[in-house]
Amino acid sequence: MSETSPAAVVILAAGEGKRMKSRTPKVLHTLCGRTLLGHALAAAGELDPAQLVVVVGHGREQVGAEVASVTPQARIVHQDQQLGTGHAVRMVTEAIGTIRGTVVVSYGDMPLLRGQTLRELVDRHHRAGNAVTVLTARGDAAGYGRIVRDGGGAFLRIVEERDATPEERAIDEYNSGCYAFDGTLLADAIKRVTTNNEQRQEYLTDVVDILRGDGHEVGTMLAADAGEITGVNDRVQLSEARRELNDRVLDGWMRDGVTIIDPASTWIDVTVTIGQDAEIGPQTQLQGATVVGEGARVGPGCLLEDTIVGEDAVVSHAVCRLAEIGSRATVGPYAYLRPGTSLAEDAHVGAHVELKKASVGPGAKVPHLTYVGDATIGAGANIGAGTIFANYDGVAKNHTTVGQHAFVGSNTVLVAPVTIGDGAYTAAGSAITDEVPPGDLGVARGRQHNSDGWTARNRPGSRSADAAERVRSDESI
């Protein structure tokens, strides 16, 4: 905690969000890898406050669980009745008492608000020695309280839109709802907020009027980007915020040396890490704790969730969840790496291959049309097309081991538990149920029998019978 770190950040997250039309509390809707509240908590955490307080109300068990998961040290305060922003802050002062120092108030539905902006608000507040500093913005002020100033530009008051005169509604500077307060003065003023308004609620803007009326200094700070203070109240605004935040993320990665072929179709969570000279192809989504190494190429058409991609690896048209892909490994097109899959360096997984809890060794290949479940494949091994690792016996999942430089023939079924030794082979079309020792060939299939003249006897007059007869006639000449 630095000398200018606030004594507390209070995040208001008690609202129901009826316009979301959802069973999920508004602040728990997600964008770019975090909930709305998660983004607010991350921004607040950048200030390193002595206390982090979240006011919960609607869906408080769910919201409280999110707070505990993301920021366990945060304190939760309940607002059982949602009677306004001033009432929410009063619940904090009644639960915690007077907070001495700077108290920042922000909201759980403003995912675009940067921690840096809150830091500048706190710094401005400290330098000016204000009782309260209001974060404002300029632009389309519809729906917001206007910032009214005197002829010299000094702050006079905040007027809500429904109470504003036509001249006041024409003002383009508006209140974000975020503040930096002197905690001691806030604790006193919040007790004097009344419900003498149309909504019969306690508004935090009234605290600003009370403090100014008491002769204390009230200041403002204009946000550099008005988009930061946009709240999310419905699914349309959620979508708009998601696009804005994603654009911000993509811009940051491109400026750090990552190539993104088509930003319009690429989505990257804020929790993802990407190395320099990586290339992200169109129609790609990188989610969760995914890490993409330097020089790797991911996409087009990929969905990676909590997956590690090594340096210079190539992943194309693939879905990968909780998987690890080694350096220079190649995956796809149209591969599915399920949780627990690990590919070593230079391994190859090809078209229409699915792996689950499978370890593929260095240089090993699973080229196409194969299911690999609960298996270990040794270095340099080759798995032929159409192979099935039959891992489930109806009760339990069993393991298969394929040794180093082994060769599994096409259309083989490996019935687990079973081991194919180092350097061993299986014949194409075999159903292997027993161990194949190192260097041996495993064959498990019926011998071929050809029934002479079967087509002529069973399909007389067919095109097949006619074709066969022509060949027999030619051979008899």
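The values are calculated or read from the model by the stated rules, or taken from the named source; none is laboratory data. It should be emphasised that the depicted structure is a prediction, and the values quoted were computed from it without experimental measurement. Cβ: placed from backbone, ideal geometry, glycine included. Neighbour counts: every protein chain shown.
Taken over segment 325-367, the residue count meeting the criterion of being more than 19 Å from residue 312 (Cα to Cα) and either modelled with pLDDT under 95 or of a type in the set (Asp, Glu) (or both) is 1.
One residue stands out in segment 428-453 among those that are in a loop (DSSP other than H, G, I, E, B), of a type in the set (A, V, I, L, M) and more than 45 Å from the chain's Cα centre (by Cα): the one that is farthest from residue 404 (Cα to Cα), namely 444. Remark: residue 71 matches the filter, which requires a residue to be modelled with pLDDT of 95 or more, among the β-branched types (Val, Ile, Thr) and more than 21 Å from residue 210 (Cβ to Cβ). Residues in segment 288-309 include none that are modelled with pLDDT of 95 or more, out of contact with any helix residue (DSSP H, G or I) (no Cβ under 7 Å at 6 or more places or on another chain), among the charged types (D, E, K, R) and in the same structural domain as residue 429 (by TED's automatic domain parsing). The one condition from (1) β-branched (Val, Ile, Thr); (2) crowded, with 20+ Cβ neighbours inside 10 Å; (3) under 24 Å from residue 224 (Cα atoms) that residue 159 does not meet is (2). The condition (being over 30 Å from residue 315 (Cβ atoms) and either assigned by TED's automatic domain parsing to the domain that holds residue 115 or small (Gly, Ala, Ser) (or both)) is satisfied by just one residue among 278, 170, 241: 170. Within segment 35-70, being crowded, with 18+ Cβ neighbours inside 10 Å, part of a loop (DSSP other than H, G, I, E, B) and touching a helix residue (DSSP H, G or I) at 6+ places or on another chain (Cβ under 7 Å) holds for one residue alone: 47.
Of everything listed in (1) β-branched (Val, Ile, Thr); (2) buried (at least 22 other Cβ atoms within 10 Å of the Cβ); (3) over 24 Å from residue 325 (Cβ atoms), the single unmet condition for residue 370 is (3). Which residue is nearest to residue 97 (Cα to Cα), if the candidates are limited to segment 1-34 and must be in a loop (DSSP other than H, G, I, E, B) and among the β-branched types (Val, Ile, Thr)? Among residues in segment 1-34 that are in a loop (DSSP other than H, G, I, E, B) and among the β-branched types (Val, Ile, Thr), the one nearest to residue 97 (Cα to Cα) is 4. Against the definition (acidic (Asp, Glu), closer than 21 Å to residue 94 by Cα and more than 39 Å from the chain's Cα centre (by Cα)), how does residue 214 come out, yes or no? Here the answer is no, as residue 214 does not meet what is asked. For segment 202-219, the criterion of being over 25 Å from residue 13 (Cα atoms), assigned by TED's automatic domain parsing to the domain that holds residue 37 and among the aliphatic types (A, V, I, L, M) is satisfied by at least one residue. Listed by position, the strands (runs of 3 or more DSSP E) contained in segment 103-162 that have at least 1 residues being assigned by TED's automatic domain parsing to the domain that holds residue 89 and polar (S, T, N, Q) are 132-138. A single entry from 465, 456, 379, 375 fulfils the requirement of being within 26 Å of residue 352 (Cα to Cα) and not in a strand (DSSP E or B): 379. Under the condition of being surrounded by 24 or more Cβ atoms within 10 Å (Cβ to Cβ), part of a loop (DSSP other than H, G, I, E, B) and aliphatic (A, V, I, L, M), which residue from segment 279-314 is farthest from the chain's Cα centre (by Cα)? That would be 313. Residue count for segment 3-21, restricted to those that are modelled with pLDDT of 95 or more and among the hydroxyl-bearing types (Ser, Thr, Tyr): 0.
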